[in-house]
Amino acid sequence: VQLQASGGGMVQPGGSLKLSCATSGHPYNNYAMAWFRQAPGKEREFVAAGRWTGGNIYHAESVKGRFTMSRDHAKNTVALQMNRLKPEDTAVYFCGARYGWSVSYYEARTWAFWGQGTQVTVSS
């Protein structure tokens, strides 16, 4: 499984960014995808997750209403649209993948595959 995240950068508070994760090498039918983030000195934190084929997408309370994860099956990508960004959203953002769904989807340890991460910095 290969994951390639892109789209990070620096933005002012209140701004927007869209991250993209290109995926390959997995049997898409029974996989799940996620976004996590990790700030310096902190543990990897859940942002959003959902099954690749469809159904509910779950977002962390801290980003609900501001961030939206989506799937593009034609392009084999997963996106994270981030609006109304705050300084506390500053982190390296990682896309993750796993076989099957887990009720512990919010725990980073349950995800088997990770992309290389993309830096998001929110600062004035």
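The values are calculated or read from the model by the stated rules, or taken from the named source; none is laboratory data. Bear in mind the structure is a predicted one, so any value in this text is a computation, not a measurement. Here the Cβ positions follow ideal geometry from the backbone for every residue, glycine too, while neighbour counts run over all protein chains shown. SASA here: full protein model, heavy atoms, side chains in, ligands and nucleic acids out. Shrake-Rupley method; radii C 1.70, N 1.55, O 1.52, S 1.80 Å.
Data overview
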item: GluC sites (Glu not before Pro) lying in DSSP loop within segment 1-84, provided at most 16 other Cβ fall within 10 Å; result: Glu43, Glu61
item: For the chain, accessible area per residue (1.4 Å probe, heavy atoms of protein chains only), Å²; result: 51
item: Signed unit charges on C-beta, dipole axis of the chain, positive-most listed residue Tyr99, Gln116, Met69; result: Met69
item: Residues Asn30 and Met10, FRET efficiency given R0 of 25 Å [Cβ-Cβ distance, rounded to 0.05]; result: 0.10
item: Loop trypsin sites (Lys or Arg not before Pro), segment 12-84, which have at most 14 other Cβ atoms in a 10 Å radius of their Cβ (DSSP); result: Lys42, Lys64, Lys75, Arg84
item: Modelled FRET efficiency - R0 35 Å, Ile57 with Thr121, Cβ distances, 0.05 increments; result: 0.90
item: Segments 98-110, 5-17 sorted - mean Cβ within 10 Å per residue, highest first; result: 5-17, 98-110
item: For the chain, size of Cβ-based charge dipole, Lys and Arg +1, Asp and Glu -1, in debye; result: 140
item: From phi via Karplus (6.51, -1.76, 1.60), per-residue ³J(HN,Hα) for segment 54-64 in Hz, x at Gly/Pro; result: x, x, 5, 10, 9, 10, 5, 4, 5, 10, 4
item: Carbon/sulfur fraction of accessible area - the chain, other protein chains in place, 1.4 Å, %; result: 48
